[in-house]
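Following: one structure in structure tokens, then a few remarks.
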Amino acid sequence: MENNVEEIEIYECPICQGPGILEEENGWCCDAMCLDCGCHTAESAYKNNEERFVAATKAAQLWNRGKVLPSTPGD
């Protein structure tokens, strides 16, 4: 069974209710972010494809629980 990152559920932004997405950064980490306000989760690193799914799931769980960093400086 293959783990499909695209099937991980992402809620609306906990700050502005904008659309949230999962992102990958250059093949080493995943995070979730809002397309409207730019808030995001902490990065979750991975080393291989199996860890990639775990990292994406962790980012989605942080996002869906509202554990995000605002995009404004000083917050």
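Laid out as a table, the results:
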item	result
Size of electric dipole in the chain: Cβ of Lys, Arg +1 and of Asp, Glu -1, about Cα centre, debye, nearest 20	280
Accessible area per residue, Å², the chain with all protein chains present, probe 1.4 Å	67
C-alpha long axis of helix 49-64 to longest principal axis of the chain, angle in °	20
Loop-located chymotrypsin sites (Phe, Trp or Tyr not before Pro) in the chain, at most 15 other Cβ atoms within 10 Å (DSSP)	Tyr11, Trp28
Relative contact order, percent, the chain [alpha-carbon distance under 8 Å, six or more residues apart]	31
Descending principal axes extents, the stretch 11-75, alpha-carbon based, whole Å	33, 23, 16
Fraction of accessible area attributable to carbon and sulfur, the chain (%, probe 1.4 Å)	47
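The values are calculated or read from the model by the stated rules, or taken from the named source; none is laboratory data. Not measured: the values here are computed from a predicted model. With ideal geometry, Cβ positions are generated from the backbone for all residues, glycine too; neighbour counts draw on all protein chains shown. SASA here: full protein model, heavy atoms, side chains in, ligands and nucleic acids out. Shrake-Rupley method; radii C 1.70, N 1.55, O 1.52, S 1.80 Å.
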